[in-house]
Structures are given as C-alpha cells and as structure tokens.
Amino acid sequence: MSRLELLVDRDGPLTRAAVLADGRLTDLHIDHADRPSLLGAIILGRVERIATGLNGAFIDLGNGLGGGLSGLLPAADVRRPILDDDSPQSRSHRPGAKPAPIGALLRTGQPVLVQVKADATGSKGPSLTMDITLPGRFLVHAPLGRDIAVSKRLGTGPERAALARRIEQLATGAGWIVRAGAAQVSDDLLAAESEALHLQWRAIRDDARAGSAPRLLHPGPDAPTRALIEQGAAAPAAILVDDPTPAGGIRMGDGPLLSALRDWCDRHAPDLLPRLSAHKDAQRLFDLRDLDSAIAELLDVRVPLPLGGSLVIERTEALTVVDVNAGERGNPLDVNLDAAAEIARQLRLRNVGGIVVVDFVNMRSRGDAERVLAALSQAVESDPVQTQVYGMSKLGLVELTRARRGTPLAALLRP
C-alpha cells in the first residue's frame, strides 16, 4: 500500500496542499488569495431578478463576495421550504419531470439559502443550488434531505444495505450520503464526524435566521481541508505544514496554516491530530521535495510517459484534447495502457473540467481497444470529481466528461 503524505505551504498569494503517494504527486489543491473560490460556500442570498427564459433566478450574493456578485439558481435546484423550519426540503418537481416555472417558485426580493456548486467562469456567474451539503471524510451531510444514500462504488450487494443501517443508527439528524471509505472505519469515527457536521449545519441555520440577506454564512473548505476530505479513509501517514516565516524570524506557537488545520482536525478528524506537524527545516518544504518544478510541469503541453512516449494536452474553448504519442516504443497497447493511468492523473492535478477527447495510438484489434477503455475507466474511478468514460468513436477517439469543480490549475497559476 502506498504511503501518503499531505504537504501544505503558502507561497505568496497561493496556499498549496499537495498529496504524495510514495513521494509522487497525485493530488493538488490551491487557493489563490486574489482569485478566491466560492465552491461549496453557503450564502443567504436574495432573489435579484427572475430569468424566465432560463427558467431560473439570479441571486444577489452580496458585495463582500466580489462587488455585487450574483449567481444563477435554476428552477430544478429550488427546494421548499426554504428557511421556515427543520423539516426536509421537497423538490419543486419530481425527478425526471419538467421543473415548474421559476416565477411560480420564487419572487424578487425573497431571501434564499443557497450553496455554490460551480465557480464563475468567463462571463458566467457562479452556479447555485438549494441542495445544501456539508462534506466530511466519510459522510456528506445533506441536512434538508430525508434519506441515507450509499456510494455506488460499494456495488449492489448486501454491504450497501448493512452500511446504510449502520449509519442510520450512528448518525445525528437526517440526510446523509455515505462515502465508500465509511465501510473501512470505526463506529466512533463515523459518529463523531456526523455529530460535527450536524453541529456545523445548526450553526449555519441559526445564523441564516438571525440576520439579513445577502451575506456569506459559511465559506467552502480551503485547500488543506479539501485535500483531507477528498482522501477520505485513505488518510495521510504524515501532514507537514510549512508556515511562512513571520517578520523578525521568530514564531511563538503554531503558524496560521498549522493552527487552522489543527482546529479543523480537532473538530472533524481527531484521529489525524497525531500526524500533524510543522516543517522546521531551513529549506522550504516544497523546495526540499522538488514540488515547485513538478507543479510547473503541469502547465506544459507535453507530458512524458513513465516508460516512453508522451501526451500532448491542449485546451480549447469547447473541450480539452489529449493526443497520445508512442515515440520510439513499438507496442501501441503498452503505450496506451501507460497513457490511460497518466491521463487520469493529469486531469486531477490540472483540475480539467468539461469534455475531454483522447486520441490513443491506433491499435491492432478491438480487444486491445476494450482493454484500454477498461484501464481508463478504472483509472478515473478513484477521482473524487465525477468522471464518465463514454467509449470509443469510429475514428478511434475516446470521449469522456469530468465535472467542473473550482478553478482550473492553469487559471490559478497564470500571472
């Protein structure tokens, strides 16, 4: 089993959290102080205007989030009741049915509790939902829902039903999504996480009822906590934090990064506290582990494959294109199998979202093509962002989609 580490540092406006498996970079989370992400933020907004043509409403998110920023709430994401009580919210329509007209669901000036499910891109504002969720390492709390939903990654056997019953007995409150890693951890950890998430929700709900709209109630998770949440049950063996050196070069106690992460672990992941420590070497942590150069390579168009050959990754306005080159290697199947694993890794590290088209090296048989498709599907299976492989076209192109989440790495690192 790979040894996982989480390395955290601050480099100018960037807060960076890198996950390494046996010393190799596998996941990267970055926050940019000048380009903050709202992904996952919970906001008490106000309906600014009804957009009948879009069957949605533009929600004023407040001046504190970028100068009068507004986002689109589609009718399909409207839920009722809104702020009245703790009863489960009902959908504005049956799943699969056409949503009701937005004008029948919301009115101008109405306060609404929303969560950002996608950051602004280009001229489009953030995408919003009223399906509030609070993510944990093993559980996701959907406090305005009724059900316990178990990850599809656990298959369809009796283990799913047994895990659902287990969570029903352990969890505080209603509305839970059970992540696959929950099957691997103790009842004590599950109960503690459910209680922490439920208390977090109650504080948000009480704050929403106590003040006026629009205003931010709860920010989305920052880069280090996103990294821990997405690792789930695969907890890092070590968490090293390299805080910036204070003016004068003398620090009394924890730095701000370590202190914030220690507070989060104390509330949500007490089992990780013994693994958390400050980096005390004079050389910067990311320099010591050669991560700056590894991150810089993620902006390159060409990516060498471990055993020869390469990928060429180019972003267009509509989609991302990946071309697999064999180089001097003779066996197309071997090249493509290596490429499948590296493509999945690059999509995660670069935070590529939307449509992706892969041009693999031409193969000799349909059986080889099916092996490559299976390898690619397996490689993206562990991606915390929903990724779907659709198969190979008659031209030999493989199509897949990856949900847009947060800001792509290239946009975060541009000058």
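The values are calculated or read from the model by the stated rules, or taken from the named source; none is laboratory data. Source: prediction; values computed, not measured. FYI the Cβ positions are ideal-geometry reconstructions off the backbone, even for glycines, and counts take in every protein chain you see. To get the accessible areas, we keep the full protein, side chains included, count just its heavy atoms, and leave off ligands, DNA and RNA. Shrake-Rupley method; radii C 1.70, N 1.55, O 1.52, S 1.80 Å.
Listed by position, the helices (runs of 4 or more DSSP H) contained in the range 185-281 that have at least 1 residues being more than 22 Å from Ala41 (Cβ to Cβ) and either of a type in the set (D, E, K, R) or open to solvent by less than 60 Å² (accessible area, probe 1.4 Å) (or both) are 187-210, 256-268. Of the candidates Ile177, Ile148, Ile167, the single residue that is touching a helix residue (DSSP H, G or I) at 6+ places or on another chain (Cβ under 6 Å) and β-branched (Val, Ile, Thr) is Ile148.
Scanning the range 378-390 for residues that are more than 18 Å from Asp334 (Cβ to Cβ) and either hydroxyl-bearing (Ser, Thr, Tyr) or open to solvent by 60 Å² or more (accessible area, probe 1.4 Å) (or both) yields Glu381, Ser382, Gln386, Thr387, Gln388, Tyr390.
For the range 151-173, a residue qualifies if it is open to solvent by less than 20 Å² (accessible area, probe 1.4 Å) and either in contact with a Cys (Cβ under 8 Å, 6 or more places away or on another chain) or modelled with pLDDT of 90 or more (or both), and exactly one does: Ile167.
If you check Arg16, Arg35, Arg46 for being assigned to a strand (DSSP E or B), open to solvent by 40 Å² or more (accessible area, probe 1.4 Å) and among the basic types (Lys, Arg), only one passes: Arg46.
Considering the range 96-129, and only residues there that are of a type in the set (A, V, I, L, M) and either modelled with pLDDT of 95 or more or closer than 21 Å to Pro36 by Cα (or both), the residue that is surrounded by the fewest Cβ atoms within 10 Å (Cβ to Cβ) turns out to be Ala120. Set side by side, the residues Leu400, Leu311 differ, and just one is in a strand (DSSP E or B), crowded, with 19+ Cβ neighbours inside 10 Å and touching a Pro at 6+ places or on another chain (Cβ under 9 Å), which is Leu311.
Test Leu144 against the criterion of being modelled with pLDDT of 85 or more, assigned to a loop (DSSP other than H, G, I, E, B) and more than 18 Å from Val385 (Cβ to Cβ), and give yes or no. Taking the combined requirement at face value, the residue satisfies it. Listed by first and then second residue, the pairs linking a residue in the range 370-383 that is in contact (Cβ under 8 Å) with a residue 24 or more places away in the chain to a residue that is of a type in the set (Ser, Thr, Tyr), with Cβ atoms under 7 Å apart and 6 or more places separating them unless they lie on different chains, are Val380/Thr387. Contact map, the range 5-20: residues that are more than 12 Å from Phe286 (Cα to Cα) paired with residues that are surrounded by fewer than 18 Cβ atoms within 10 Å (Cβ to Cβ) and among the aliphatic types (A, V, I, L, M), Cβ distance under 6 Å, separation 6+ or inter-chain. Pairs shown: Glu5/Ala238; Pro13/Ala33.
Scanning the range 1-47 for residues that are among the acidic types (Asp, Glu), closer than 26 Å to Val140 by Cα and over 19 Å from the mean Cα position of the chain (by Cα) returns no hits. Scanning the range 141-150 for residues that are under 23 Å from the mean Cα position of the chain (by Cα) and surrounded by fewer than 18 Cβ atoms within 10 Å (Cβ to Cβ) yields a count of 2. Considering the range 282-308, the residues that are within 20 Å of Thr26 (Cβ to Cβ) and part of a loop (DSSP other than H, G, I, E, B) include one that is farthest from the chain's Cα centre (by Cα), namely Leu307.
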